[in-house]
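Taking it in order: structure first as structure tokens, then the write-up.
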Amino acid sequence: PRSRDLLPHRRLDPVGLALFVPTVGLTLLALSLVAEPGRMGGALAVAAVAVALGGVLVAQQRRSVNPLIDRQMTASPSYRRGLAAGFAGYAVLFGALVVVPLFLARSGLVGSARLGLDLTALPVGIGVVAPFAGRWADRAPAAVARAGLVVAAASLIAIGSTRPTGPVLVAALAALGCGLGAFIPANNRSLMVAAPLGQSSAAAGLLNMVRGMGTAAGTALAVASFTMSSTPRGGFVSALAVLCATCLAGLLLVPRQPAGLESGHLSKG
């Protein structure tokens, strides 16, 4: 059913929207500045403003009659954990897509055409596994999501501990894609089922926002880690270690509850 039919009393929260947009925008700007050498001071200043605005937003949302972000939705531990785990997963995905070509291009190990071709192994891995993972997640979403992150972390370790060229790189990137291809649909399913009835559109909107922020954070973390080292190889290994740690953090955040326990949603469909 349409949200407006289930919740006819809901109205737009213009004040919340006016606070929400700059809070998210400044957060993304701060993450982008982190990745630029010599811009850490500016990043911290922008982040401080974003945090201050975020505090005002939280206070305003608690008082609002029709809050932009429904309190019942964010009160769900499974939903909050799913959002945080999704943030980590997307950070790993896009961090790897940035740092691998960055290292190989700087090192001169692979030409640009070959590099672009090799990188397709990652999205191909996602595309092959994701449909099956979606079906498996109907039975055990948490187990599928955790297994995907374990595979992703192992793939990052393999990329960092070997000479990442040729078939070795392609196989490792494909394995990384398979791991993320299992995690993403399983985690998204748990997250959407944990959302209250009638809040699917808002839940999906927050998920998409977190995906964008995870993309920016993963890129910033990977590039910052890479540029802080004195050698390309050292920076590459440091960046992969940060992404691997992000994977493990996501592993701890995957919702533990059986899907649908909190909201009573149907697990199929």
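Report yes if A174 is touching a Pro at 6+ places or on another chain (Cβ under 6 Å), touching a residue at least 24 places away in the same chain (Cβ under 8 Å) and in a helix (DSSP H, G or I), otherwise no.
Against the criterion (touching a Pro at 6+ places or on another chain (Cβ under 6 Å), touching a residue at least 24 places away in the same chain (Cβ under 8 Å) and in a helix (DSSP H, G or I)), A174 does not qualify.
Among the listed residues A91, A96, A121, which satisfies the condition of being modelled with pLDDT of 85 or more and either charged (D, E, K, R) or under 24 Å from A202 (Cα atoms) (or both)?
After applying the criteria, what remains is A91.
Pairs please, first residue from segment 80-93 and without any contact (Cβ under 8 Å) to a residue 24 or more places away in the chain, second anywhere and of a type in the set (S, T, N, Q), Cβ atoms under 8 Å, 6+ apart in sequence or on different chains.
Note: pairs meeting the criteria are R80/T74.
Which of the residues belonging to segment 146-176 are among the β-branched types (V, I, T) and either surrounded by fewer than 24 Cβ atoms within 10 Å (Cβ to Cβ) or at pLDDT below 85 (or both)?
V150, V151, I157, T162, T165, V168, V170
Go through (1) surrounded by 15 or more Cβ atoms within 10 Å (Cβ to Cβ); (2) touching a Ser or Thr at 6+ places or on another chain (Cβ under 6 Å) and name the single condition L28 misses.
Failed condition: (2).
Could you tell me whether segment 146-166 includes any residue that is of a type in the set (S, T, Y), more than 18 Å from the chain's Cα centre (by Cα), in a helix (DSSP H, G or I) and more than 28 Å from A105 (Cβ to Cβ)?
No.
Kindly indicate whether any position in segment 137-145 is more than 19 Å from T215 (Cβ to Cβ), in a helix (DSSP H, G or I), in contact with a Leu (Cβ under 9 Å, 6 or more places away or on another chain) and open to solvent by 40 Å² or more (accessible area, probe 1.4 Å).
no
Quick one: which of A245, A239 is at pLDDT 90 or above and open to solvent by 40 Å² or more (accessible area, probe 1.4 Å)?
Testing whether each residue is at pLDDT 90 or above and open to solvent by 40 Å² or more (accessible area, probe 1.4 Å) leaves just A245.
State the number of residues belonging to segment 190-201 that are surrounded by fewer than 20 Cβ atoms within 10 Å (Cβ to Cβ) and either part of a helix (DSSP H, G or I) or on the phi < 0 side of the Ramachandran plot (or both).
4
Could you say whether any residue in segment 34-49 is under 20 Å from the mean Cα position of the chain (by Cα), farther than 23 Å from A249 by Cβ and either without any contact (Cβ under 8 Å) to a residue 40 or more places away in the chain or not in a helix (DSSP H, G or I) (or both)?
Within segment 34-49 (the criterion being under 20 Å from the mean Cα position of the chain (by Cα), farther than 23 Å from A249 by Cβ and either without any contact (Cβ under 8 Å) to a residue 40 or more places away in the chain or not in a helix (DSSP H, G or I) (or both)), the answer is no, since none of the residues qualifies.
For segment 106-130, name all the residues that are open to solvent by less than 70 Å² (accessible area, probe 1.4 Å) and assigned to a helix (DSSP H, G or I).
Passing the criteria: S107, L115, G116, D118, L119, A121, L122, G125, I126, G127, V129, A130.
Considering only segment 53-89, how many residues are of a type outside the set (S, T, N, Q) and either open to solvent by less than 20 Å² (accessible area, probe 1.4 Å) or more than 30 Å from R146 (Cα to Cα) (or both)?
19
The values are calculated or read from the model by the stated rules, or taken from the named source; none is laboratory data. Since we're looking at a predicted model, the values are computed, not measured. We place every Cβ from the backbone using ideal geometry, glycine too, and count neighbours over all the protein chains shown. Side chains included, ligands, DNA and RNA excluded: accessible areas come from the protein's heavy atoms. Shrake-Rupley method; radii C 1.70, N 1.55, O 1.52, S 1.80 Å.
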